[in-house]
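Single-structure report; data block below.
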Amino acid sequence: MYNSIDMKIIKTIKLFAVALLFSAIKTQALFAGDYTILAFGDSLTAGYGLPPAEGFTVQLEQELKRQGHNITIINGGVSGDTTSGGLSRLEWVLSSAKPDMVILELGANDALRGIPPHITRANIDKMLSILKQAGIKTLVAGMMAPPNMGNDYTVEFNRIYPELTKTYDAILYPFFLEGVAGITLLNQSDAIHPNSKGVAIIVGKIIPYIQKTLK
């Protein structure tokens, strides 16, 4: 358990990380290409445990450009972020990045921490509402609850993404870690975060959904 001093330190570190992210986003937006996609999420987006050149946003941008798309991917990932954290910073980030499209990848930490699904649903609902009102095309990267959370939790959590994307007429990529989760050779030693090879698989699988969102 964390004591009050530990929690204050953790909160300070996270606020500092968000401030650094905001500065980096402003710089990335300044040099953006013809089309800008904001990848907004947690450590899976941020590239936790990987060299910068091997993270999700870098590999995705490289592959899209290899396919002939002049698209800049802005990394809006914060490691450890929940949907509550994402909601608290979304409008702040949008005001600086000014993206044409957003990949919304949040919820994994909610499930890992056992946050009640109705809270996760309300946060994602609000974020999708903000994006829709802003007229920003959105691709939702779905998450799945870990099996140890029990059947009731899993059913309620896993319904969030397909139901809300239908409500807001967004595009759903059903499971961000599809083809990677649970495969040792594609993950780092923590068995949670994909390694470079795992990221490459995610990129390959999600690009058709990005192309669908762009239409």
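Note on segment 96-142: residues that are among the hydroxyl-bearing types (Ser, Thr, Tyr) and modelled with pLDDT under 95 amount to 1.
Residues that are polar (S, T, N, Q), in contact (Cβ under 8 Å) with a residue 40 or more places away in the chain and out of contact with any Leu (no Cβ under 7 Å at 6 or more places or on another chain) were ranked within segment 83-110; the one that is farthest from Ser129 (Cα to Cα) is Asn109. Does segment 178-197 contain at least one residue that is closer than 24 Å to Leu64 by Cβ, in a helix (DSSP H, G or I) and in contact with an Asp or Glu (Cβ under 6 Å, 6 or more places away or on another chain)? Taking every residue of segment 178-197 in turn, at least one turns out to be closer than 24 Å to Leu64 by Cβ, in a helix (DSSP H, G or I) and in contact with an Asp or Glu (Cβ under 6 Å, 6 or more places away or on another chain). For segment 48-92, the candidate set comprises residues that are within 12 Å of the chain's Cα centre (by Cα), among the polar types (S, T, N, Q) and within 21 Å of Lys205 (Cβ to Cβ); within that set, the residue that is surrounded by the fewest Cβ atoms within 10 Å (Cβ to Cβ) is Asn75. Quick one: would you say Thr57 is in contact with a helix residue (DSSP H, G or I) (Cβ under 9 Å, 6 or more places away or on another chain) and either among the charged types (D, E, K, R) or closer than 21 Å to Arg113 by Cα (or both)? Here the answer is no, as Thr57 does not meet what is asked.
May I ask you to verify whether Val93 is outside any helix (DSSP H, G or I), within 19 Å of Ser43 (Cα to Cα) and of a type outside the set (D, E, K, R)? No. Test Gly204 against the criterion of being assigned to a helix (DSSP H, G or I), surrounded by fewer than 16 Cβ atoms within 10 Å (Cβ to Cβ) and at pLDDT 95 or above, and give yes or no. Yes.
Would you call Asp152 under 15 Å from Met101 (Cα atoms), of a type in the set (Asp, Glu) and surrounded by fewer than 18 Cβ atoms within 10 Å (Cβ to Cβ)? No; evaluated as a whole, the condition is false for this residue.
Inclusion of Lys215 among residues that are within 25 Å of Ser95 (Cα to Cα) and of a type outside the set (Asp, Glu) is warranted.
Yes/no matrix, rows are residues, columns are (1) more than 29 Å from Ser95 (Cα to Cα); (2) among the charged types (D, E, K, R); (3) within 15 Å of the chain's Cα centre (by Cα):
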{"site": "Arg113", "(1), (2), (3)": "yes, yes, no"}
{"site": "Lys132", "(1), (2), (3)": "no, yes, no"}
{"site": "Ile171", "(1), (2), (3)": "no, no, yes"}
{"site": "Ile201", "(1), (2), (3)": "yes, no, no"}
{"site": "Pro208", "(1), (2), (3)": "no, no, no"}
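The values are calculated or read from the model by the stated rules, or taken from the named source; none is laboratory data. Keep in mind it's a predicted model, so treat the numbers as computed, not measured. Reconstructed Cβ throughout: ideal geometry from the backbone, glycine too, with neighbour counts over all protein chains shown.
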